[in-house]
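Bear in mind that the values in this text are calculations on the coordinates, not laboratory data. Bear in mind that the values here come from a model prediction, so they are computed numbers and not experimental data. With ideal geometry, Cβ positions are generated from the backbone for all residues, glycine too; neighbour counts draw on all protein chains shown.
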Amino acid sequence: EAVLPLPPQTRVLTISNQKGGVGKTTSAVNLAAALARSGARVLVIDLDPQGNASTALGVDHQSEQQSVYEVLVSDLPLSAVVRPSTEHEHLDCVPATIHLAGAEIELVSMVAREQRLRRALDRHLESMTEPYHYVFIDCPPSLGLLTINAFVAAREVLIPIQCEYYALEGLSQLLSNIELIEKHLNPTLRLSTILLTMYDSRTNLAQQVAQEVRDHFPGQTLQTIIPRSVRVSEAPSYGQSVITYDYGSSGSLSYREAAAEIARRGAPEIEESN
Ligand code: ADP
Ligand code: MG
């Protein structure tokens, strides 16, 4: 396993794109697993009511389980719902249950409704003697209050982009939302990383989309591109990342390379504005 630099402070990355099926959950789980294998302590917070990240990490998310839902709406401490993954000893997960679907509406009338995840996460990190090196927040496919909570809790946004025709559609809305959050709720938020996913090198279209994304975001787009691979899509049904499921596969290799790039680039610098 490649030795990767560990960040001096916890890096909190939210994985976001209001489109479904672009590889948010797959990227959250596999990047987290790759970094955990390289020696980092990693937490994945599942913020999608579907609970796909919880499933992929082998963590129970039946509706009777306490989850990030109780953290957001009942002030349960995060430490009460952190579960070890079956994937790796340094990899934990805060599961989501289907109740989270209701949180989008329940949060509307709550005090500090945008800050609830931030406060819970900050409290948890401060209480740890050995805090996580990385926290990945897996967002639902919407720009509602759950995603806003993720943007406020995070320092970095990672956008997975599927290499297909409509890839860039909706991106400007996502970017302007990030800008609004930065202006009003979280001045330290940065779009740090764009990851091209489900790439099919046989099509010209995929190559064109990849090039277009690089032209728009030269500083953010990772060199590594995640190929479309059956092994990647099979792994979650075994409660595994593709890295454990098939270490030598192209999907595993590319997610390990993407994780290494993220680790080597480090956190984005925040310019002081005083
Ligand atoms: P999102 O979280 O954005 O909705 P997912 O990560 O769940 O997207 O991915 C959508 C579907 O595509 C899933 O069935 C997943 O297994 C599959 N998938 C994701 N990445 C790849 C890939 N690189 N190759 C093949 N299938 C993939
Ligand atoms: Mg998902």
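Sequentially through segment 15-25, phi angles give Karplus couplings (6.51, -1.76, 1.60; θ = phi - 60°) of 9, 9, 5, 6, 7, x, x, 9, x, 4, 5 Hz, Gly and Pro residues having no value and appearing as x. Over the chain, DSSP H runs of length four or greater, each weighted -39,500 (n - 2.57), average out per residue to a 222 nm ellipticity of -11000 deg cm²/dmol. Of all beta bridges that DSSP places with both ends in the chain, some 5 percent have antiparallel geometry. Once the Cα-Cα distance is subtracted from the 0.36 nm per residue extended length, the residue 98 to residue 75 segment shows a gain of 6.5 nm. In order along segment 248-262, the phi-based Karplus estimate (6.51 cos²θ - 1.76 cosθ + 1.60, θ = phi - 60°) of 3J(HN,Hα) comes to x, 6, 5, x, 4, 4, 6, 5, 5, 5, 5, 4, 5, 4, 4 Hz; Gly and Pro are listed as x. For the chain, the relative contact order works out to 26 percent when only alpha carbon pairs closer than 8 Å and six or more residues apart are counted. Per the Cα gyration tensor, segment 1-146 maps to an equivalent ellipsoid with semi-axes of 23, 17, 14 Å, ordered largest to smallest.
What is the log10 of I(q)/I(0) for the chain, computed with the Debye formula using one identical point scatterer on each Cα and no solvent, at q = 0.13, 0.14, 0.16 Å⁻¹? Summing over Cα pairs of the chain leads to -0.80, -0.94, -1.27.
With a ≥ b ≥ c the root eigenvalues of the C-alpha gyration tensor of segment 73-217, is it rounded (a/c under 1.5), prolate (a/b larger than b/c) or oblate? In terms of gyration-tensor shape, prolate.
Since only 52, 25, 6 are under comparison, the one whose Cα sits farthest along the positive direction of the charge dipole of segment 1-140, derived from C-beta charges on Lys, Arg, Asp and Glu, is 6.
For segment 171-217, the set of trypsin sites (Lys or Arg not before Pro) satisfying both a DSSP loop assignment and a count of at most 11 other C-beta atoms within 10 Å is given as 202.
Between the DSSP loop rule and a limit of at most 15 other Cβ atoms within 10 Å, which GluC sites (Glu not before Pro) in segment 62-131 are left?
Of the GluC sites (Glu not before Pro), the ones in loops of segment 62-131 whose Cβ has at most 15 other Cβ atoms within 10 Å are 64, 89.
Of 46, 60, 138, the residue with the greatest mean-square motion in the GNM of the chain, using alpha carbon springs below 10 Å, is 60. Stretching residue 211 away from residue 123 to a fully extended chain increases their span by 27.6 nm, per 0.36 nm per residue minus the current alpha-carbon distance. Net charge dipole, the chain: roughly 300 debye, given to the nearest 20, about the Cα centre with Cβ charges of +1 for Lys and Arg and -1 for Asp and Glu.
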